[in-house]
1. Could you tell me the accessible area of residue 70 in Å² (1.4 Å probe, neighbours in place), rounded to the nearest ten?
2. Going by average Cβ density within 10 Å per residue, which order do the peptides 115-121, 24-30 take, highest to lowest?
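The values are calculated or read from the model by the stated rules, or taken from the named source; none is laboratory data. This is a predicted model, so every value here is computed, not measured. Heads up, the Cβs are rebuilt from the backbone with ideal geometry, glycines too, and the neighbour counts pull from every protein chain shown. The area values use the complete protein model at the heavy-atom level, side chains included, leaving out ligands, DNA and RNA. Shrake-Rupley method; radii C 1.70, N 1.55, O 1.52, S 1.80 Å.
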Amino acid sequence: MPRRRLPAWLPVDGLDFAGGVDSPVVIVVIVGIVLLPVIILLAVFFFEWLLVLLLLPIATLASAFVGRPWLVVARQGSGFPVTHVSRAQRHRYARGVRGWRESTRTIVQARREIAETGAPLSLGEPGPLRLPRRGPR
């Protein structure tokens, strides 16, 4: 039986989706609908980062000069190699200090007291060393 050859390309007139509409306009609208949320998210993201970069130096300076007192802390070590001090028996000396100069003076004084007496008396009475919690609370 003889076979009829089909042409390599048959134009299909029934599947013309952009009938009467300029295809560049359709493409621009579709791309705009898809890319508009992405562009908005990126703009918000960069705006937030610029705001953080602007406020970070201001917040740092404000906390350094106006904020809470800094905590100068001296913790007792383990005592190796002379004697071992368990964690439960270690002590923590702490005192709140305002300003860089005052904290430097306090640190130098505490070092001198530790070298002379073995304890930083200017930092107050020792308290137990508080260990951070681990695991679920």
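1. Around 80 Å² of this residue is reachable by solvent.
2. The most tightly packed comes first, giving 115-121, 24-30.
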